[in-house]
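Notes follow once the structure below has been shown.
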Amino acid sequence: VSILVKGTATGTVTDFDGQYSLNVPSGADTLVFSYVGYQTQEVPVDGRTEINVVLQVGDIALDEFVVVGYGVQRRETLTGSVSAVSGEQLEKAPSINMSNTLAGRLPGIVTVNSSGEPGYDGASINIRGVQTLNNNSPLIVIDGVPNRSGGLDRLNPRDIANISILKDASAAIYGSQAANGVILITTKRGQSGAPRFTVDINQGFNQPTRIPEMADAATYLTMLNELDLYRGRTPAYSEEEIQKYREGADPWLYPNTDWFAEALKPLSMQTRASASISGGSDNMKYFLSFGGLTEDGYYRNSATRYNQYDFRSNIDGQISDNFTLSFDVSGRYEDRNFPTQPAGATFRMLMRGKPHLPAFWPNGLPGPDIENGQNPVVTGTDATGYDNDERYYFQSNLRAVVDIPAIKGLTLTGNLAIDQYVQNRKLWNTPWTLYTWDYATRDENGEPVLTGAKRGPTEPELRQWSDNGRNILTNLVANYNRDFGVHSVGALVGTEYRKDRFINFPAYRGN
């Protein structure tokens, strides 16, 4: 809150707790308390040394403004449908992926998440259902720039001021790109006052929502015997054998394997940390933030892991009474690590794993494959090679806003946004070894003799991709907004140019 001695230039500003200190020339002076959106109050000092004030909401704060295409608008004047959510609400959800954070927070939005795999855990977003024949994703606009590389999935929720959803006619200004609606994201900016530091650390724990309860070895073999009886055959397993599987006294001859328990950890970790500083003066404001997160996979000895590091710098300068210049820079590094076998294949083998076959032999070596060389306790690790996917994003935006003094209510806004995107992916696929036993051969010490066999590719294979993209966008928009008594007049005219450049280079080498 700004505090001035009435009729003078002497004043101060409260801190974020509302505390202030001010030397006044005379105990008979009057203090003027003011803040945007609240009623100004004048309080006589009357010789007091402590004055506490509670400001009341003013009329201007009752006019709810909503971010729309290329500007803001009073909600009461909207002819289209717009819904919004504040960044404070988004921060309450510990989700790693921003698309999952939006679920249930905005009317008209449907999110569907088909995977919990770190790095590929984004949800599909539809606004008011399916609209087009092919791509039904909405247009993503971040700080006025549409189609920024990386979209909204990996944005830091601590950097977001608000999100608006434009539907039907309110999205029309973006043309055919907005056939499925528009999601407008506005990041935080600095405010006048002393520097404000914020540190946030979140430790989370993940586990599958539901794991199928599979039959144990004794139950499974009993079912096989029943099948033989129905077919008029002699049961393959005696009751004595089934009882030995039930007791599990000899894991070499009579294993009892819970494949899900062997392959999946009871808990996997996710950690996010963010730090920001904001503040400034009337002429210069800043918001700086840094963040990092890591998310582990569900497998034991998992090759799956997602790491991210990001930064953001939003600077606003009041060059003159009518000229404002803003410069935004953000960057993000995404590091995805996976096994060479897809998650779908691994979970399919967990479902098909037979409980009377070993995942690991008692000596620690991996057991035989279930099908086609697949053993899920091995294919979820880096024993088969690795799949490393690194992505780099650098995004910038230079914005100039000019209020035309000669025409009250007319503002010109120009933007120059340059985005750079680089992806390097390396898939190193190597043979892996699984072990079988004929249930008869033993060494001189009586230990079973296992036979190892190569699975997967016959020779090592290397596949590598390099993607490089650059997007350049410039626009110039003229906004005219003027109130005449109870009437309001608004108009917008603008032009925009965009150039996208993308290069892809794939390579392969065998043996």
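Here are the numbers for the structure shown:
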item: Calculated FRET efficiency for the pair Tyr497/Gln420, C-beta based, R₀ 22 Å, to 0.05; result: 0.75
item: Contact order relative to length of the range 255-317, as percent, for alpha carbon pairs under 8 angstrom and 6 or more apart; result: 32 percent
item: ³J(HN,Hα) computed for each position of the range 45-55 - Karplus, 6.51 cos²θ - 1.76 cosθ + 1.60, integer Hz, glycine/proline x; result: 6, 6, x, 7, 9, 9, 10, 10, 9, 10, 7
item: Residues whose placed amide H lies under 5 Å from that of Tyr120, excluding near-sequence neighbours; result: none
item: Neighbour net charge for Phe347 - beta-carbon separation under 13 angstrom, K R +1, D E -1; result: +2
item: Calculated on alpha-carbon atoms, Rg and Dmax of the chain in Å; result: 31.7, 109
item: 222 nm mean residue ellipticity, helices alone, for the chain (DSSP H n ≥ 4; -39,500 (n - 2.57); rounded to 500); result: -2500 deg cm²/dmol
item: Accessible-area value, Trp465, 1.4 Å probe, nucleic acids and ligands omitted, Å²; result: 80 Å²
item: For Met284, residues with placed amide H under 5 Å, excluding near neighbours; result: Gln318
item: Surface share of carbon and sulfur [accessible, 1.4 angstrom probe, percent] for the chain; result: 52 percent
item: Computed accessible area, Val57, all protein chains, 1.4 angstrom probe, square angstrom; result: 70 Å²
item: Average projection area in nm² (convex hull over Cα atoms of the range 216-259, one quarter of hull surface); result: 3.1 nm²
item: Exposure rank, largest accessible area first [Phe33, Phe394; 1.4 Å]; result: Phe394, Phe33
item: Karplus-derived 3J(HN,Hα), 6.51/-1.76/1.60, for each residue of the range 406-423, Hz, glycine and proline x; result: 6, 10, 5, x, 9, 10, 10, 10, x, 10, 10, 10, 10, 10, 10, 9, 10, 10
item: Förster radius 25 Å - calculated FRET efficiency between Arg210 and Val112, Cβ distance, rounded to 0.05; result: 0.90
item: Solvent exposure of the range 136-283 as accessible area per residue, Å², 1.4 Å probe; result: 51 Å²
item: Gap separating the Cα centres of the range 220-267 and the range 82-161, nearest whole Å; result: 46 Å
item: Exposure rank, largest accessible area first [Arg231, Arg148, Arg305, Arg128; 1.4 Å]; result: Arg231, Arg128, Arg305, Arg148
item: Heavy-atom accessible area order for Tyr245, Tyr435, largest first, 1.4 Å probe; result: Tyr435, Tyr245
item: Geometric extent, Cα atoms of the range 326-383 - Rg, Dmax (angstrom); result: 18.2, 67
item: The range 161-286: translational diffusion in µm²/s, Stokes-Einstein, Kirkwood Rh over Cα pairs, 37 °C, 0.692 mPa s; result: 149 µm²/s
item: Per-residue HN-Hα couplings for the range 114-130 [Karplus 6.51, -1.76, 1.60; θ = phi - 60°; Hz; x = Gly/Pro]; result: 9, 8, x, 5, x, x, 10, 9, x, 9, 6, 10, 10, 9, 6, x, 7
item: Accessible surface of Phe347 - all protein chains present, 1.4 Å probe, nearest 10 Å²; result: 70 Å²
item: Cα→Cβ-extended label distance, 7 Å offset, between Asn134 and Ala169, nm; result: 3.0 nm
item: Which listed pairs, of Lys244/Lys354; Lys92/Lys188; Lys408/Lys499; Lys92/Lys167; Lys285/Lys499; Lys188/Lys265, have C-alpha distances above 28 Å, in listed order; result: Lys408/Lys499; Lys285/Lys499; Lys188/Lys265
item: The range 415-464: Cα Rg divided by the 2.2 N^0.38 Å rule of thumb; result: 2.38
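The values are calculated or read from the model by the stated rules, or taken from the named source; none is laboratory data. On a predicted model such as this, the values are computed, not experimentally measured, just so you know. We place every Cβ from the backbone using ideal geometry, glycine too, and count neighbours over all the protein chains shown. These accessible areas exclude ligands, DNA and RNA; they are computed on the full protein's heavy atoms, side chains included. Shrake-Rupley method; radii C 1.70, N 1.55, O 1.52, S 1.80 Å.
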